[in-house]
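Before any comments, here is the structure.
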Amino acid sequence: MTNIRDLAKMAGVSVTTVSRVLNSHPYVSEEKREKVLAAIKESNYKPNINAVHLSMGKTFLIGVVVPFIDHPYFSRLIKGIAAEALRHNYKLVLFQTNYDEDKELEALQMLKQKQIDGLIICSRISSWPIIEEYLSYGPITLCEDTRDRKVSSTFVDHYQGFMTALEYLYEKGHRKIGYCIYRSSGTNSKNRALAYQHFIEKYQLSYNPEYIISHCLHFEDGEKVVDKVQQMANPPSALLVTSDEVAAGVVTSAHNRNISIPNDLAIIGFNNQPIAQMMHITTIEIPLMEIGKKLFLQGIFQSDEPFYQEVPVTLIKRGTV
């Protein structure tokens with residue numbers, strides 16, 4: 001395989017001159033540049049991209065950890081990250097973890113081994129001690145509120161977003177309010193649970209554990225939610241559903257069973273996905289594309305001190321409340 005020393009010999013110039021031509025350095029005479037370009041063409045020289053990256057100290061790759069690539073929430077985040085990566089000539093290395101800690105550790109190891117320039121974790125399963133163990137190996141950016149940690153993040157205030165939705169339902173006369181989530185262990189889910197607890201205490205409402213329905217992630221889970229509501233002796237009059245996909249499934253299943261939305265059951269979704277717009281579902285808008293772009297920029301332009309960016313959310317009032 002031809003290397004730059006071979007090119008220098010073929011062109012009758014120094015190795016430094018060859019290097020300058022390969023890196024588009026301006027201070028090379030046109031005669032020498034033409035000789036080097038001719039040698040490159042004759043030898044069909046191709047640069048060793050790994051060696052180039054090693055010399056630059058960059059791979060121009062950034063890792064993105066998501067639990068599910070095909071879920072609309074994470075696909076929108078990825079779309080935002082990818083759009084900004086394209087502008088800065090970066091490529092993405094995607095890690096789908098399915099919330100398997102070992103899969104997340106593989107991504108962290110790639111950061112440690114300098115195979116990627118930074119790591120964006122859109123939803124983590126690893127504990128804080130594990131994340132903190134890898135901070136010295138390169139930039140790690142999270143999509144959750146990390147203001148009490150030395151980790152940069154772009155996030156929305158899920159506590160306040162949840163409280164905004166709860167207060168809106170209360171204003172509309174609802175006193176029996178439940179909510180649907182996927183997992184209860186995540187930071188965002190814990191903030192939502194705290195908001196719900198404070199809301200119940202503020203208005204001295206009865207707490208009913210049946211009103212909290214977990215493992216809701218996909219459209220088809222909406223039918224499961226309606227099943228559970230119909231089996232309750234004292235069902236809720238309103239539900240916060242932390243995914244527009246699930247909210248759409250709830251609305252569809254309710255209509256199929258002649259349950260009136262919002263008269264029998266009011267629904268507020270989250271994210272303002274296209275399906276919520278099409279089905280006229282009241283929702284909390286989370287600008288996922290914008291968050292993705294900010295996450296990428298934090299990942300490649302990270303300073304020595306952690307940087308926190310909160311992105312505001314908006315209540316979109318439609319026909320399901």
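Bear in mind these aren't lab numbers, they're just calculated from the coordinates by the rules spelled out. Source: prediction; values computed, not measured. With ideal geometry, Cβ positions are generated from the backbone for all residues, glycine too; neighbour counts draw on all protein chains shown.
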Determine ³J(HN,Hα), in whole Hz, for all residues of region 174-180 in sequence, where each value follows from phi through the Karplus function 6.51 cos²θ - 1.76 cosθ + 1.60 and θ = phi - 60°; x replaces Gly and Pro.
7, 10, 10, 10, x, 8, 10
Name the residues whose placed amide hydrogens come within less than 5 Å of the amide hydrogen of residue 120, ignoring near sequence neighbours (fewer than 5 apart) on the same chain.
63, 64, 65, 141
With θ taken as phi - 60° and the coefficients 6.51, -1.76 and 1.60, list the Karplus ³J(HN,Hα) couplings across region 243-251 in order, rounded to whole Hz; mark glycine and proline as x.
8, 4, 4, 5, 4, 5, x, 5, 4
Cut-off 15 Å between beta-carbons: net charge of the residues surrounding residue 208, Lys and Arg +1, Asp and Glu -1
+1
Counting other beta carbons within 10 Å of each Cβ, put 122, 143 in order, fewest first.
122, 143
For region 312-320, Karplus couplings with θ = phi - 60° (6.51, -1.76, 1.60), whole Hz, Gly/Pro x
x, 10, 9, 7, 9, 8, 10, x, 9
Could you work out which residue, out of 202, 150, 224, moves most in a Gaussian network model of the chain, that is, has the largest mean-square fluctuation with Cα springs under 10 Å?
202
Work out the length of the dipole vector of region 166-321 about its Cα centre, built from +1 on the beta-carbon of each Lys and Arg and -1 on the beta-carbon of each Asp and Glu, and round it to the nearest 20 debye.
320 debye
Of the listed pairs 150/317; 202/293; 103/294, which have alpha-carbon separations greater than 27 Å here?
150/317; 202/293
What's the local net charge at residue 2, with K and R +1, D and E -1, over the other residues with C-beta under 14 Å away?
+2
Contact order normalised by residue count of region 4-47, Cα under 8 Å, 6+ apart, percent:
38 percent
Highest-MSF residue in the chain out of 113, 160, 231 [GNM, Cα springs under 10 Å]
231
Which residues qualify? For residue 286, with a placed amide H closer than 5 Å and at least 5 residues away or on another chain, they are 271, 272
Order of 88, 218 under a 10 Å beta carbon neighbour criterion, fewest first
88, 218
Of the candidates 117, 102, 157, which one comes out as most mobile in a Gaussian network treatment of the chain with C-alpha springs shorter than 10 Å?
102
Using the number of other C-beta atoms within 10 angstrom as an exposure proxy, rank 278, 232 with the fewest first.
278, 232
Which cross-chain or sequence-distant (5 or more) residues have an amide H under 5 Å from the amide H of residue 144, H modelled 1.01 Å from N in plane?
154
